[in-house]
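Down below is the structure, laid out as structure tokens.
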Amino acid sequence: MSAIEDNAVRVFSHIIGRTKRLDPMIDTGDRTPLTDGHIEIYRDEHNQGGSYKLGDRNCIGRLTVQVKGKIANSLSSFSMKREHLEGIEAIGGVVLLVAALRKSDLRPKKLYYADLNVRNTKALLEQMRDGQKTKAVPLRIFPRKPDAVYGLVCHLRESQKNQPIPLEVSSLKELTGMSLTVLREVDMSKRQVFGAPGSSDIVTVRTPSGHDQAIDTVLYFVPEDYLLHDIEGLEVSCGDITFHRIRRRKLNDREVEVFFSPGLSFVFGLESDPETGDRDVKVNFHTQRRLYYALQDLRFLKNMASGSVIEFDSSPALRYQPRGNADDLGMLRALRPFEDMEKICYEFGVDTKLFDVTSLSQSQSALEALENLAHLLLYKGDVRVNETDNRRQDIDIGGLKIRLVWRLDEEKNTWRVKSLFDSDSLDYRMAPVDENGEIGEPQMVTPFEVLCDRNSLEVEGVSEAEALSRTLNLNPEGVTSAYESVGEENRSTYENATVLNLIKAADMQVERRKELLDMAQRLNDWILAHDPIEGVSVINRAQIKYRLGSLSEGDTTELEEIWMGAQNGEYGQMSLGVEAATSILLGYHDGVDYTLRKMPKEDRETFRDFPIYFLYENKGTDYHVGEPNNDDEWQALEKKHQDEEFQALADDAFGK
């Protein structure tokens, strides 16, 4: 051992020995590359003058150390060879003690340590590139006060002794407790990392058996203020636009960001100008996915740019003052085309909360089709259509479709466009084809049969229910009048099928369930009043109400009567199907499979395709009746910010 390292040993031995509860057993002159000795740790103070002798009973452990010295005023790291780190990992770890010594007399300038337990040493080795021979080991300040030295050594002993094990995420729910032991004072108002590589933090969990086990993990702590959270009761308005859900997050010690919507936020400086009292405010905007909410944001900004005061709970709070020649906000350039899209939606009965405006950036054809419609409907221009006959057009908006029909006005030689579901203006006829391929007389049908025509479905590659679930302009209020208009002789074959397909479509589209189930209920109630199918129409009404959560005691009583009648064969060949359906709605699940096994195979497969079977497959699961909103965008924003916070901590902890 060199004079520099001899001096380093003497310095650390002196500092450690002053605690009277630590006994440094470190040899000068030791030349082993991995350890220079150890520190014995005692529960009580010992009298080095010899009033009593330290015994094993009072000794609570020992800490293996390696001591190094270097001529320097200060150090941030100490270089170690790969083979030494590999050896340290193999023997179970050491604590590296490093003294920065003055060149003139080798007196100590600063003292440092690094916790090279197995976990930290392994992390250092993993950071080394192939062929890299040395690694700079980060250092921490070694204390000089006796109590602090004793506390550090005891903690490092625990870190060295408790070899942590990996923990499977699936095991977390079985744990009964967790504890964290750290050397530093923890400020719970700050972002921080526990258990990062190079630290001596000890994370311990308690297993169901009561055993405490150190685990190999990194904990990221972000105070709630830095994550998106609600400001309860606050409303923000500007002109005729009001936002009711306001959320905020702290960016740093100087700024907070307040979100009026997932697409619109204001960053407020926490410190005001000492002369004017003003605060800097920055506006952040991005287009929300659904047209309705994107327009809310843009109209709020337009009102603000036009001079309207922003109010918090009806009290004036902010007024926009443009800098330089900024008479308008550049982001408002999207307002006019978005308002054109809104008018097109109104024209064809499309809910703007379902219109995915952001999808248009990936669909030139949809964008051109909408521009064509705006030119025709809003600006009274002429349009050119390639075909010389009436035709259908589907405009794909993020996987959902606006379904239109173009008609040529031969007198004026101009094209007119209508919604496929505008049954007040359009009549549809389809010719039936029998099993021999013979084409019968055309019959009046509704838009629902046109949409669900076999040829159309094959082109789109979907089922009847999927086609309905993807259609934006179904005209819910016109569903009964559509069937009234085709006449009794033409509707009986189709109307019940449409009810079932609407229910199945609702099962497919959570955010449209209210709309589609209301349509199914409206049409089924009309069927009950005009063309009821014995037992079936009542079951359909019940399964719709079941999904809507409105099944009454009277409904249950009626279902029980039908169930008993089905057991007695009162519904003929349909009895087994009626019995199985009512069993599902009444919660008699044990008998459903038995009833299905009694059916012929073809009937059993047909039953499993009915929407009532969806309830059986998902028994015990809540049926969420969704409506279109922007909750998913709030959730995505919350996750994005959370991921950013944790990633920033991870990058800092792992030196990226």
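The values are calculated or read from the model by the stated rules, or taken from the named source; none is laboratory data. Not measured: the values here are computed from a predicted model. Here the Cβ is made from the backbone with ideal geometry for all residues, glycine too, and neighbour counts use every protein chain on show.
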Count - residues of the stretch 467-505 that are under 20 Å from ILE402 (Cα atoms), assigned to a loop (DSSP other than H, G, I, E, B) and out of contact with any strand residue (DSSP E or B) (no Cβ under 7 Å at 6 or more places or on another chain): 1
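Within 20 Å of ARG157 (Cβ to Cβ), part of a strand (DSSP E or B), in contact with a Cys (Cβ under 9 Å, 6 or more places away or on another chain) and among the aliphatic types (A, V, I, L, M): is that true of LEU63 in this structure? I'd like the intermediate steps shown before the answer.
Working: within 20 Å of ARG157 (Cβ to Cβ): yes; part of a strand (DSSP E or B): yes; in contact with a Cys (Cβ under 9 Å, 6 or more places away or on another chain): yes; among the aliphatic types (A, V, I, L, M): yes.
So LEU63 passes the test.
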Some residue of the stretch 282-295 being closer than 19 Å to LEU360 by Cα, in contact with a Lys or Arg (Cβ under 6 Å, 6 or more places away or on another chain), touching a residue at least 12 places away in the same chain (Cβ under 8 Å) and basic (Lys, Arg): yes
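Just checking, how many residues over the stretch 199-216 are surrounded by fewer than 19 Cβ atoms within 10 Å (Cβ to Cβ), within 29 Å of VAL94 (Cα to Cα) and of a type in the set (Gly, Ala, Ser)? Write out each step before concluding.
Taking the stretch 199-216 first, the residues surrounded by fewer than 19 Cβ atoms within 10 Å (Cβ to Cβ) are 204, 206-213, 215-216.
This time we only want the ones that are within 29 Å of VAL94 (Cα to Cα), so: 204, 206-207, 211-213, 215-216.
Now narrow it down to the ones that are of a type in the set (Gly, Ala, Ser): none.
The qualifying residues number 0.
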Matching residues in the stretch 169-213 - criterion: being among the polar types (S, T, N, Q) and not in a loop (DSSP other than H, G, I, E, B): SER170, SER171, SER179, THR181, GLN192, THR204, GLN213
Scope the stretch 204-233; condition over 23 Å from GLU645 (Cβ atoms) and either at pLDDT 90 or above or among the basic types (Lys, Arg) (or both); matching residues: ARG206, GLY233
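On the basis of being farther than 24 Å from PRO628 by Cα, among the charged types (D, E, K, R) and either touching a helix residue (DSSP H, G or I) at 6+ places or on another chain (Cβ under 9 Å) or modelled with pLDDT of 95 or more (or both), does GLU460 make the cut? Spell out the reasoning first.
Numbers: farther than 24 Å from PRO628 by Cα: yes; among the charged types (D, E, K, R): yes; either touching a helix residue (DSSP H, G or I) at 6+ places or on another chain (Cβ under 9 Å) or modelled with pLDDT of 95 or more (or both): yes.
Taking the combined requirement at face value, the residue satisfies it.
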Any chance LEU457 is surrounded by 15 or more Cβ atoms within 10 Å (Cβ to Cβ) and under 30 Å from THR621 (Cα atoms): no
Among (1) surrounded by 17 or more Cβ atoms within 10 Å (Cβ to Cβ); (2) in contact with a Leu (Cβ under 9 Å, 6 or more places away or on another chain) - the single one PRO164 does not satisfy: (2)
In the stretch 131-154, residue nearest to VAL98 (Cα to Cα) [restricted to those that are more than 41 Å from the chain's Cα centre (by Cα) and basic (Lys, Arg)]: ARG144
Tally of residues being more than 28 Å from LYS302 (Cβ to Cβ), in contact with a helix residue (DSSP H, G or I) (Cβ under 8 Å, 6 or more places away or on another chain) and part of a loop (DSSP other than H, G, I, E, B) across the stretch 222-262: 2
The stretch 549-566, residues that are of a type outside the set (Ser, Thr, Tyr) and either surrounded by fewer than 17 Cβ atoms within 10 Å (Cβ to Cβ) or part of a loop (DSSP other than H, G, I, E, B) (or both): GLY549, LEU551, GLU553, GLY554, ASP555, GLU558, GLU560, GLU561, MET564
Complete set of residues in the stretch 346-363 that are charged (D, E, K, R) and in a helix (DSSP H, G or I): GLU347
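Based on this model, can you work out whether ALA648 counts as farther than 30 Å from THR217 by Cα, small (Gly, Ala, Ser) and surrounded by 13 or more Cβ atoms within 10 Å (Cβ to Cβ)?
So ALA648 does not fit the description; no.
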Any hit, the stretch 126-149, residues being farther than 30 Å from HIS641 by Cβ, assigned to a loop (DSSP other than H, G, I, E, B) and aromatic (Phe, Trp, Tyr): yes
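Picking from SER74, SER179, which residue would you name as being in the same structural domain as GLY37 (by TED's automatic domain parsing), surrounded by fewer than 16 Cβ atoms within 10 Å (Cβ to Cβ), of a type in the set (S, T, N, Q) and modelled with pLDDT under 95? Full working, then the answer.
Values: SER179 fails: in the same structural domain as GLY37 (by TED's automatic domain parsing).
Of SER74, SER179, the one residue that is in the same structural domain as GLY37 (by TED's automatic domain parsing), surrounded by fewer than 16 Cβ atoms within 10 Å (Cβ to Cβ), of a type in the set (S, T, N, Q) and modelled with pLDDT under 95 is SER74.
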For LEU457: the one exception among (1) in contact with an Asp or Glu (Cβ under 8 Å, 6 or more places away or on another chain); (2) over 27 Å from GLY399 (Cβ atoms): (2)
Number of the condition not met by GLU185 [criteria: (1) closer than 21 Å to VAL67 by Cβ; (2) at pLDDT below 85; (3) out of contact with any helix residue (DSSP H, G or I) (no Cβ under 7 Å at 6 or more places or on another chain)]: (1)
Residue check for ILE533: without any contact (Cβ under 8 Å) to a residue 40 or more places away in the chain and outside any helix (DSSP H, G or I): yes
ALA123 of a type in the set (A, V, I, L, M, F, W, C) and either outside the structural domain of ASP23 (by TED's automatic domain parsing) or free of Cβ contacts under 8 Å to residues at least 40 places away in the same chain (or both): no
Within the stretch 82-106, tally of residues that are in contact with a Leu (Cβ under 7 Å, 6 or more places away or on another chain), within 23 Å of ARG10 (Cα to Cα) and either part of a strand (DSSP E or B) or free of Cβ contacts under 8 Å to residues at least 40 places away in the same chain (or both): 6
Top-ranked residue in the stretch 235-267 [being more than 26 Å from the chain's Cα centre (by Cα) and of a type in the set (A, V, I, L, M, F, W, C); ranked as farthest from ALA305 (Cα to Cα)]: ILE241
Matching residues in the stretch 533-564 - criterion: being over 24 Å from ASP507 (Cα atoms) and in contact with a Ser or Thr (Cβ under 8 Å, 6 or more places away or on another chain): GLU560, ILE562, TRP563
Residue under evaluation THR358, criteria (1) of a type in the set (Ser, Thr, Tyr); (2) under 32 Å from the mean Cα position of the chain (by Cα); (3) under 29 Å from LEU523 (Cβ atoms), criterion not met: (3)
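Quick one: is ARG157 over 39 Å from the mean Cα position of the chain (by Cα) and under 15 Å from GLY93 (Cα atoms)?
On the way: over 39 Å from the mean Cα position of the chain (by Cα): yes; under 15 Å from GLY93 (Cα atoms): yes.
So ARG157 fits the description; yes.
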